[in-house]
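Enquirer: Shown below is the structure under consideration.
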Number of protein chains: 2
Amino acid sequence: MPIRIGRIQRDIEAIAAFTATPGEGATRPTFSAEWRAARDYVADQLHACGCEVRIDAAANLHARPAGLSWDEPAWLSGSHVDTVPNGGDFDGVVGVVVPLELLRAAAEEGRGNLPLELAVFAEEEGTTFGLGMLGSRAWAGTTGFLALSIAHNAAGESYLRAGQPHGVRAEDIAAETVQRGRYLGMVEVHIEQGASLWRSGERVAIVDAIAGRRQYRARLQGHANHAGSTSMPDRKDALACAAELILALEALAPELSPRAVATVGEIACRPNAINVIPGEVDLSIDFRDPDNAVLDEGHRRIEALVTETAARRGVISLLDWSEALPAEALDVAICERLQAAAERIGLGPLRRAASGALHDAAILAPYIPTAMLFVASRDGISHNPAELSRFEDIAAAAEVLWELVKE
Amino acid sequence: MPIRIGRIQRDIEAIAAFTATPGEGATRPTFSAEWRAARDYVADQLHACGCEVRIDAAANLHARPAGLSWDEPAWLSGSHVDTVPNGGDFDGVVGVVVPLELLRAAAEEGRGNLPLELAVFAEEEGTTFGLGMLGSRAWAGTTGFLALSIAHNAAGESYLRAGQPHGVRAEDIAAETVQRGRYLGMVEVHIEQGASLWRSGERVAIVDAIAGRRQYRARLQGHANHAGSTSMPDRKDALACAAELILALEALAPELSPRAVATVGEIACRPNAINVIPGEVDLSIDFRDPDNAVLDEGHRRIEALVTETAARRGVISLLDWSEALPAEALDVAICERLQAAAERIGLGPLRRAASGALHDAAILAPYIPTAMLFVASRDGISHNPAELSRFEDIAAAAEVLWELVKE
């Protein structure tokens, strides 16, 4: 096998060093200096093994071997190098360094026309501009100019403005989208970010479905009042209302399905003072399941929960639906070819899994036949500095992909 | 009666105009430009009616009629002009403008030796430097140099440093404390900040006890993880743990006593991202009751609640006890003299009440015979821009105090 574990490790460690929070995990907000350094590192590696590199109008990086024209049919493989604040070193990065290693291996083997395009998508996490997978969405053509001009970072800059120094060309966003005929299929390699593979001792799995996601922003308006002189029955405490809602959502998920997950990850309390009863609380709700019927049922239950909990406490509630992505079944034929490839190299049979997390692959699945490979995550820990996957497991996924692409 | 409602109204409106959040309530953090402007306004009014004004080493303002020396026994009356963020126009301010009006009325009546000292205490709310009643504590001698050097504002400045331009003299803090022999007694006028008087149509009440307060800071350390790929049973969600605690504290207070109140007013969640399970949450707990036995019992229950709730969820908990102020019974003789004064002017008999809120009066009660007058608060709303008390009710309290002081 031409795949080298050592190079994969070196890439991951090199990218990990680009962080705004050294010693406290990977922090590479999209369009930050650290994000750019990571993308530049990948581009340098690609140039070094004879690839051509392009930045599309949404600032996604694409690379192909110099011997393969941009019009020829090729496999697409890629992921992202942006991170959540204080995230891990493997989320996204694994899916970039695997095709990078394949292109490097191909160059060494004299296969300067390996039908493989690498992609680094911008703003997958959504923690910088408030909406996940913005780069792949823009390239897929599902998120146009308007959304990119509205989405803004903490400094108040829009995606279009903040991305300009990194290749964003607002005028070309609408035209420069994925051309189906150029792609044989898409395979994104990603860490599982759950504990299932690690627990069972499996190294790699084939992902044949991606959970859909509904996201909401709720505002609860109670009454700010003095924490000492307002009797308990006289209160309209927005934070107590939020607490009841958080626990109800935690209980709702397992009622709906064993695969459903519901998370309140973000909360803001006003005035947020030790001696003032909270007057207003904003919170986010993230709800996922791989079954669209469960998503619909969950949506109805979440709306009812917010309304009823607030009403019972005399609190005013507002619920905004900020995102709805359907569950995506991935391409059956590619899953079978990955299975065959894994068996040929002595790794398979691989388990079929559904991804609870969303990925750029979910965005591209309606346009390109798509599948994913999962690599085991230690204890399922992700979005956390303790995130870890074994380099040998990542190399095993690379070998499966190599076996598919070189056919 | 020489007390003029119109002047009281004018003072309150003038001070209300000094706010960092015009149109969104009173925001006068201690040592801010707005706070200083309010204190300067009071000083100007005092000078105009022939008073001498002094700033003590902790930046509290004191004023006496020029005809009364600083050594003669006098009544003390005062409160504060600092506010919580987006607070109301009456909290604290009422207790400053009432003795101001008395001193003005005395000057008009040619009583240039009225035995009354006005005080404006700094940092009563504790929302700027993290600890309430810092100014009166320093003057009472219960909070020394060390605490004032440690307490800091959001800009990272200590009370000693931030207060320097406003009169704080670190070197004199220890020496310049209340001299008991100079005071006949202390009467603080304050809005009730509860709904009891307003509901029953009473205008003024005599406060004969102040609830004690325990404050805590809790830290809950769970595990930050991916909101999509981490199954519900695998989570250690610090915010869900906090939610359970918030609801348990809400239920605890009425179990302990009908007067007990428990509040979580402040919360911080990390990393606070829509797609990340909260890894760490900090929250404040404020717990009050006018009975010290209930405070002790509540303390034990709160410690147990935090420990047990966190342990059951596999979350690590830390609980810091940030303040413990005992319940204070106020001076029986002064309460009786206030009652007699109210009856003489045709206002009484006044109800006796316990204050759920802490006040500078609670700090001074161990050193000076102390009582308070409460003025009705509309619907009990306080620490809120909608806070309101009727000017005629404030004037009624001023008349009771005038009747006591002029004896």
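The values are calculated or read from the model by the stated rules, or taken from the named source; none is laboratory data. Because the structure is a prediction, the values reported are computed rather than measured. Cβ sites come from the backbone with ideal geometry, for glycine too, and all protein chains shown count toward neighbours.
Enquirer: Only residues that are surrounded by fewer than 24 Cβ atoms within 10 Å (Cβ to Cβ), part of a strand (DSSP E or B) and more than 7 Å from chain A (Cβ to nearest Cβ): list them for the stretch B:259-291, please.
Expert: Listed by number, the residues that qualify are B:A268, B:R270, B:E280, B:D282.
Enquirer: Continuing with the same structure: Looking at the stretch A:159-180 only, could you name the residues that are free of Cβ contacts under 8 Å to residues at least 24 places away in the same chain and surrounded by 16 or more Cβ atoms within 10 Å (Cβ to Cβ)?
Expert: Of everything in the stretch A:159-180, those that are free of Cβ contacts under 8 Å to residues at least 24 places away in the same chain and surrounded by 16 or more Cβ atoms within 10 Å (Cβ to Cβ) turn out to be A:L160, A:R161.
Enquirer: From the set of residues in the stretch B:110-133 that are modelled with pLDDT under 95 and more than 14 Å from chain A (Cβ to nearest Cβ), which is surrounded by the fewest Cβ atoms within 10 Å (Cβ to Cβ)?
Expert: Restricting to residues being modelled with pLDDT under 95 and more than 14 Å from chain A (Cβ to nearest Cβ), the top hit is B:G110.
Enquirer: Something else: In the stretch A:304-319, which residues are under 26 Å from A:T143 (Cα atoms) and surrounded by 13 or more Cβ atoms within 10 Å (Cβ to Cβ)?
Expert: Within the stretch A:304-319, just A:L319 meets the criteria.
Enquirer: OK, next. Six or more apart or on different chains, Cβ atoms under 8 Å: show the pairs whose first residue is in the stretch A:36-62 and free of Cβ contacts under 8 Å to residues at least 40 places away in the same chain and whose second is surrounded by fewer than 18 Cβ atoms within 10 Å (Cβ to Cβ) and aromatic (F, W, Y).
Expert: From residues that are free of Cβ contacts under 8 Å to residues at least 40 places away in the same chain, the pairs are A:E52/A:W70; A:R54/A:W70.
Let's see how each residue does on (1) in a helix (DSSP H, G or I); (2) assigned by TED's automatic domain parsing to the domain that holds B:H80; (3) in contact with a Phe, Trp or Tyr (Cβ under 9 Å, 6 or more places away or on another chain):
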| position | (1), (2), (3) |
| --- | --- |
| B:A293 | yes, no, no |
| B:I302 | yes, no, yes |
| B:A311 | yes, no, no |
| B:S317 | no, no, no |
| B:I334 | yes, yes, no |
| B:G346 | no, yes, no |
| B:R352 | no, yes, no |
| B:A397 | yes, yes, yes |
| B:V400 | yes, yes, no |
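Enquirer: Please verify whether the stretch A:77-87 includes one or more residues that are among the aliphatic types (A, V, I, L, M), under 30 Å from A:G156 (Cβ atoms) and either modelled with pLDDT of 95 or more or buried (at least 22 other Cβ atoms within 10 Å of the Cβ) (or both).
Expert: Yes, the conditions are met somewhere in the stretch A:77-87.
Enquirer: Turning to a different aspect of this structure: Can you pull out every residue in the stretch A:15-39 that is in a helix (DSSP H, G or I) and charged (D, E, K, R)? So that I can check it myself, show each step before the final result.
Expert: Residues of the stretch A:15-39 that are in a helix (DSSP H, G or I), as a first pass: A:15-16, A:33-39.
Once the filter is applied, which keeps residues that are in a helix (DSSP H, G or I) and charged (D, E, K, R), the stretch A:15-39 yields A:E34, A:R36, A:R39.
Enquirer: Does B:A16 satisfy being in the same structural domain as B:E124 (by TED's automatic domain parsing), within 20 Å of the chain's Cα centre (by Cα), surrounded by fewer than 20 Cβ atoms within 10 Å (Cβ to Cβ) and free of Cβ contacts under 8 Å to residues at least 40 places away in the same chain?
Expert: no
Enquirer: Here's something else I'd like to know. Would a scan of the stretch B:57-71 turn up a residue that is surrounded by 24 or more Cβ atoms within 10 Å (Cβ to Cβ), assigned by TED's automatic domain parsing to the domain that holds B:V400 and at positive phi?
Expert: Checking the stretch B:57-71: at least one residue is surrounded by 24 or more Cβ atoms within 10 Å (Cβ to Cβ), assigned by TED's automatic domain parsing to the domain that holds B:V400 and at positive phi.
Enquirer: Out of the helices (runs of 4 or more DSSP H) lying entirely within the stretch A:151-258, which hold 1 or more residues that are within 10 Å of chain B (Cβ to nearest Cβ) and of a type in the set (A, V, I, L, M, F, W, C)?
Expert: The helices (runs of 4 or more DSSP H) meeting that bar are A:238-256.
Enquirer: Which of the residues spanning the stretch B:258-313 are within 28 Å of A:R217 (Cβ to Cβ) and of a type in the set (S, T, Y)?
Expert: Within the stretch B:258-313, B:T263, B:S284, B:T309 qualify.
Enquirer: What number of residues within the stretch B:362-393 satisfy the criterion of being closer than 20 Å to B:W139 by Cβ and away from chain A (no Cβ under 13 Å)?
Expert: Total satisfying the criteria: 9.
Enquirer: Here is a further query. Being crowded, with 21+ Cβ neighbours inside 10 Å and without any contact (Cβ under 8 Å) to a residue 60 or more places away in the chain narrows it down to one of A:G212, A:G228, A:G194, so name that one.
Expert: A:G228
Matching residues to (1) surrounded by 22 or more Cβ atoms within 10 Å (Cβ to Cβ); (2) at positive phi; (3) at pLDDT 95 or above:
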{"site": "A:S355", "(1), (2), (3)": "yes, no, no"}
{"site": "A:L364", "(1), (2), (3)": "yes, no, yes"}
{"site": "A:T370", "(1), (2), (3)": "yes, no, yes"}
{"site": "A:L373", "(1), (2), (3)": "yes, no, yes"}
{"site": "A:G380", "(1), (2), (3)": "yes, yes, no"}
{"site": "A:N384", "(1), (2), (3)": "yes, no, no"}
{"site": "A:L404", "(1), (2), (3)": "yes, no, yes"}
